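Data first, discussion second: the structure below is written as structure tokens.
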Amino acid sequence: VTVYLVGAGPGDPGLITVKGLELVRSCDALVYDRLVSAELVDEAPADALRISRDAFGQFEINDLLVSLGRRDLDVVRLKGGDPFVFGRGGEEALALAEAGVDFEVVSGVSSVSAVPAAAGIPITHRSVSSQVTLVSGHSPEGLDFTALAGVSGTLVFLMGLAALPALAHGLLAAGKQSDTPAAVISCGTTSEEETVVAALDAIAEAAVSLRGPALVVVGDVVALRESLSRRPVGRTAGAATQSALG
Ligand SMILES: C[S@@+](CC[C@H](N)C(=O)[O-])C[C@H]1O[C@@H](n2cnc3c(N)ncnc32)[C@H](O)[C@@H]1O
């Protein structure tokens, strides 16, 4: 193998896998995402090539991985969370496969479950939610809100902070109950974590000051945070939004 597509985990550098960390520590070249913790980038050998993905478009990154791989270097492509969950890891793997460059996917801890967990929200819970729908909130105009409002269980939106008013409006207009518990978690698993909890019809306003990366959880599991959070619940949400949950 020459190119490893490695998941860095959701933010806390301790949440990379043992295998992923070993690969970072022995690589010749590290190509890393913006959301990857600086502490993990620092784990690469001092003489390793370090390349931030920020300076490149996706096609350029694909080409770069192919050309580094063809030079027979040990290349680590370090990606936030899990490489194959909304991470375009599949596109990079396809480019490598088409070019005949050997690669391996080293899965990571995805923000999808780890970020809500760190905030005291299990995305499934027996007798509360037995299914999860994972949605990209990047382009709400393309979403089928009727289907999303009708599906039971938990909804998790990634990349949905900017479009949160449109996402909440779309769900409510399609019939989702206005008092459905919702949470927005920013910078989850890090010391910067902030969580806002409110009813669905109040969440966009309650979370207006949060910054990315952030994900949105909608569903009854959010109420478990009252019992499971290790931090004071409602630290950032106003009293009005808290009471909206009853
Ligand atoms: C391009 S997606 C990549 C997801 C990643 N592959 C994963 O498995 O977690 C980026 C989105 O993941 C979510 N995200 C990633 N890290 C996060 C964190 N520490 N706290 C909250 N949301 C996070 C946000 O919704 C962000 O917009």
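The values are calculated or read from the model by the stated rules, or taken from the named source; none is laboratory data. Given the structure is predicted, the values throughout are model-derived calculations rather than measurements. Cβ: placed from backbone, ideal geometry, glycine included. Neighbour counts: every protein chain shown.
Total residues in segment 142-157 satisfying the condition of being in contact (Cβ under 8 Å) with a residue 12 or more places away in the chain and surrounded by fewer than 22 Cβ atoms within 10 Å (Cβ to Cβ): the figure is 9. Within segment 69-77, the presence of at least one residue that is touching a Lys or Arg at 6+ places or on another chain (Cβ under 9 Å) and at pLDDT 95 or above is confirmed. Every condition in (1) closer than 21 Å to Leu35 by Cα; (2) modelled with pLDDT of 95 or more is met by Gly212 except one, and the failing one is (2).
When you scan segment 78-121, how many residues do you find that are part of a strand (DSSP E or B), within 17 Å of the chain's Cα centre (by Cα) and more than 30 Å from Arg230 (Cβ to Cβ)?
Our first condition is that a residue be part of a strand (DSSP E or B); within segment 78-121, this holds for 78-79, 81, 103-106.
When the remaining residues are screened for being within 17 Å of the chain's Cα centre (by Cα), the result is 78-79, 81, 106.
The next check asks that each one be more than 30 Å from Arg230 (Cβ to Cβ); those that pass are none.
Looking only at that region, the number is 0.
There is no residue in segment 60-69 that is in contact (Cβ under 8 Å) with a residue 24 or more places away in the chain, within 16 Å of the ligand (Cβ to nearest atom), crowded, with 17+ Cβ neighbours inside 10 Å and within 20 Å of Pro10 (Cβ to Cβ). Condition check for Ile16 on (1) among the β-branched types (Val, Ile, Thr); (2) closer than 23 Å to Ser186 by Cα; (3) out of contact with any helix residue (DSSP H, G or I) (no Cβ under 8 Å at 6 or more places or on another chain): one failure, at (3). Does Phe86 fit the bill of being crowded, with 17+ Cβ neighbours inside 10 Å, away from the ligand (no atom under 13 Å from the Cβ) and in contact (Cβ under 8 Å) with a residue 60 or more places away in the chain? The answer is no for Phe86. Of the residues contained in segment 112-126, one or more are found to be over 20 Å from Val24 (Cα atoms), among the hydroxyl-bearing types (Ser, Thr, Tyr) and buried (at least 16 other Cβ atoms within 10 Å of the Cβ). Return yes or no: is Thr2 hydroxyl-bearing (Ser, Thr, Tyr), crowded, with 16+ Cβ neighbours inside 10 Å and within 22 Å of Thr189 (Cα to Cα)? So Thr2 fails the test.
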